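A short worksheet on the structure shown next.
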Amino acid sequence: MPYAYLILPAIVCCGLIAGWILARILERRYYRGHGSSEEILDELELAYTPRRGIEIRTQSEYLPYVFGCIVENVDSGFEEKQVRNLLDRIEEPRPNAAKNALFPVKVSGVRSEIDLQWSRDNENRVRIFVLAAPKVIRALKKQVKSIPRALAGN
């Protein structure tokens, strides 16, 4: 056995190569579901976009005016087709059952979300809570003043 002194270094080299291959396989498996750094930064920016809220209580016949105000103040993402579908969902007569909808939008070129939560009270008025960009909330506050018998709160 003149070459017995080479067995230990060969085992160590094979172990290092096998460990390196295993590390690469596990790294690919770990990072498979994760997005790129740009996607992660976009999600963080969206999460920290300032939003304000307003609660509106009104009859369902005035809701198209409320949603029309939102459509006028967003650049994209909340359109007429979505408004019609949303009005149909709100018209379902279920007192005290809360529902919600979330719409990704762009307001003044910045990505944001409009979060709508609604329910009906015993007088068949719709209580709708809107969480959106400050520009949209300011416009809604002005719009609510022109709606008869509508109540607004924060």
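The values are calculated or read from the model by the stated rules, or taken from the named source; none is laboratory data. Remember, it's a predicted structure, so these values are computed and weren't measured experimentally. When we count neighbours, we look across all protein chains shown, and the Cβ atoms used for this are built from the backbone with ideal geometry, even at glycine. For accessibility, only protein heavy atoms count, side chains too; no ligands or nucleic acids. Shrake-Rupley method; radii C 1.70, N 1.55, O 1.52, S 1.80 Å.
Tell me the accessible surface of residue 20 in square angstrom (1.4 angstrom probe, heavy atoms of protein chains only), to the nearest ten.
150 Å²
Using a probe of 1.4 angstrom, how much of the accessible area of the chain is carbon and sulfur, in percent?
That share works out to 56 percent.
Report, to the nearest 10°, how far helix 63-73 tilts away from the longest principal axis of the Cα atoms in the chain, using its own Cα long axis and a range of 0 to 90°.
The helix 63-73 is inclined about 50 degrees to the chain.
Which FRET efficiency value, to the nearest 0.05, do you get for residue 108 and residue 55 by plugging their Cβ-Cβ distance into 1/(1 + (r/R0)^6) with R0 = 25 Å?
After rounding to 0.05, the efficiency reads 0.60.
When a/c reaches 1.5 or more, the comparison of a/b and b/c decides; with that in mind, is region 36-125 rounded, prolate or oblate per its Cα gyration tensor?
It comes out prolate by the Cα gyration axes.
Mind checking the angle between helix 7-30 and the chain's longest principal axis? C-alpha axes, 0 to 90 degrees, to the nearest 10.
Relative to the chain, helix 7-30 is tipped by roughly 10 degrees.
222 nm [θ] for the chain, helices only, -39500 (n - 2.57) per DSSP H run of 4+, per residue, to 500?
Value at 222 nm, helices only: -14500 deg cm²/dmol.
Under a GNM of the chain (C-alpha, springs under 10 Å), which listed residue has the highest mean-square fluctuation: 15, 53, 109?
15
Apply the Karplus curve 6.51 cos²θ - 1.76 cosθ + 1.60, θ = phi - 60°, to the phi angles in region 107-124 and return the couplings in whole Hz, x for Gly and Pro.
10, 6, x, 10, 5, 8, 9, 10, 10, 10, 10, 9, 7, 10, 9, 5, 8, 6
Which percent of the Cα-Cα distances in the chain go past 28 Å?
Tail of the P(r) past 28 Å holds 43 percent of the pairs.
Considering the chain as a Gaussian network with a 10 Å cut-off on Cα pairs, which listed residue, 63, 16, 44, attains the greatest mean-square fluctuation?
16
Between 131, 22, 116, which gets the highest mean-square fluctuation from a Gaussian network model of the chain, Cα cutoff 10 Å?
Looking only at 131, 22, 116, the biggest GNM fluctuation is shown by 22.
Output the 0 to 90 degree angle, nearest 10, between the alpha-carbon long axis of helix 80-90 and the longest principal axis computed from the alpha carbons of the chain.
In the chain, helix 80-90 runs at an angle near 80 degrees to the longest axis.
In Å², what does the accessible area per residue of the chain work out to with a 1.4 Å probe?
For the chain, the per-residue accessible area is 70 Å².
Would you check the chain for Lys pairs whose C-alpha atoms are within less than 21 Å, ignoring same-chain pairs closer than 8 in sequence, and give me the count?
Close lysine pairs under the 21 Å cut-off: 6.
Give me, ordered by chain and number, the residues 5 or more places off residue 105 or on other chains with an amide H under 5 Å from its own placed amide H.
Answer set, sorted by chain and number: 112, 113, 114.
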